[in-house]
Amino acid sequence: MKLKAKLLLVVVPFLMGSVVYHPTPTVQAKTVVKYTHPHRKATRKLQKENRELKQKIAKAQAKNDRLTKQLNHKKKQLHQSAAAKQTDTANLAKLNYAGQQEVIVNHNQPKFSKADLAIDKGAWQRYGNLDHLNRVTAANAMLNQSLMPTAKREPLTVNPTGWHNKRIASGWLYNRSHLIGYQLTGQNNNLKNLMTGTRSLNSPEMLAHEMDIAYYLKQDPKHYVRYRVTPIFNGDDLLARGVQMEAQSIDDNDIHFNVFIFNVQDGVKLNYADGTSSVEK
């Protein structure tokens, strides 16, 4: 027993001396810093909101400008209707301009028959043939949203009769004036729909009526407007004395007018025989 105990004492120290000690390596903790930049997110959000707000303001301003123009034009019409002599269609070519560019015709009543106002054929547009002097004649339409163009208008290249354009103090004297405005039917380089018109005839005079019609049509796809624009020439003149514009909305009276607009420009004397002109001094 004593021998066994001694052996055990010898073996145990030996075994203990043979153990290899491996210390556990020290792991250093890493600190990860994540930058969220909350102020940048807030800035981007504010910038987006500002852009959207600017767009809304721009749209509201454009609508306000359009409504202001329409209101001013309506006031002008009411004044003219009360003050001006009611003009008959047959006498339009003989009218003399006396400082009032637009006059009321036939007590502002468009001359459309019951058949003219029928919408059984839907929307349509028709342009009269050029006459023996290549002059534009009447343009007729039953207007509706379906006729309104979506493409941007291309530059005009054709020249109607009486086209002798030149620069004056306010810009170009003449425009290639659409009888039925491009925004209503999309007709562009169509000689049957273009006449030589002064800058003031085209805009603001004709444009004001066209904008009223366009606004009405855009309100409802079921809205229709019977429309006719007739250039008025005196004899064999190549430059029209003006245009007669007639319009009537179907099923209501929101669009309703019959007017004559003189083809004149302040400060310029026009030769209606051929379209030449001279600046008045």
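The values are calculated or read from the model by the stated rules, or taken from the named source; none is laboratory data. Keep in mind it's a predicted model, so treat the numbers as computed, not measured. All Cβ positions, even for glycine, are placed from backbone atoms using ideal geometry, and neighbour counts span all protein chains on display.
For the stretch 165-174, check the following and say yes or no: at least one residue is over 23 Å from the mean Cα position of the chain (by Cα), in a strand (DSSP E or B) and in contact (Cβ under 8 Å) with a residue 40 or more places away in the chain.
Within the stretch 165-174, one or more residues are over 23 Å from the mean Cα position of the chain (by Cα), in a strand (DSSP E or B) and in contact (Cβ under 8 Å) with a residue 40 or more places away in the chain.
Starting from the stretch 257-268, keep only residues that are of a type in the set (S, T, N, Q), then list their pairs with residues that are part of a strand (DSSP E or B) and modelled with pLDDT of 95 or more whose Cβ atoms are within a distance under 7 Å, requiring at least 6 positions of separation or different chains.
Filtered contacts from the stretch 257-268: 258/105; 258/246; 263/197; 263/198; 263/242; 265/198.
If residue 137 satisfies every condition in (1) more than 18 Å from residue 214 (Cα to Cα); (2) assigned to a helix (DSSP H, G or I) but one, which is the exception?
(2)
One line per residue, one yes/no per condition, for (1) more than 20 Å from residue 225 (Cα to Cα); (2) hydrophobic (A, V, I, L, M, F, W, C); (3) modelled with pLDDT of 95 or more:
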position: 136; (1), (2), (3): yes, yes, yes
position: 151; (1), (2), (3): yes, yes, no
position: 160; (1), (2), (3): yes, no, yes
position: 167; (1), (2), (3): yes, no, yes
position: 185; (1), (2), (3): no, no, yes
position: 200; (1), (2), (3): yes, no, yes
position: 208; (1), (2), (3): no, yes, yes
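Which one is surrounded by the most Cβ atoms within 10 Å (Cβ to Cβ) among residues in the stretch 233-281 that are assigned to a loop (DSSP other than H, G, I, E, B) and among the small types (Gly, Ala, Ser)?
In this case the residue turns out to be 240.
Please list, ordered by first then second residue, the pairs with beta carbon atoms under 8 Å, 6 or more apart or interchain, first in the stretch 201-226 and within 13 Å of residue 243 (Cβ to Cβ), second at pLDDT 95 or above and part of a helix (DSSP H, G or I).
Listed pairs, sorted by first residue: 210/183; 210/184.
Being more than 23 Å from residue 95 (Cα to Cα), modelled with pLDDT of 95 or more and part of a helix (DSSP H, G or I): is that true of residue 222 here?
no
Per-residue answers, yes or no, for (1) within 30 Å of residue 121 (Cα to Cα); (2) crowded, with 17+ Cβ neighbours inside 10 Å; (3) under 21 Å from the mean Cα position of the chain (by Cα):
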{"residue": "149", "(1), (2), (3)": "yes, no, yes"}
{"residue": "161", "(1), (2), (3)": "no, yes, no"}
{"residue": "177", "(1), (2), (3)": "yes, yes, yes"}
{"residue": "194", "(1), (2), (3)": "yes, yes, yes"}
{"residue": "213", "(1), (2), (3)": "yes, yes, yes"}
{"residue": "222", "(1), (2), (3)": "yes, no, yes"}
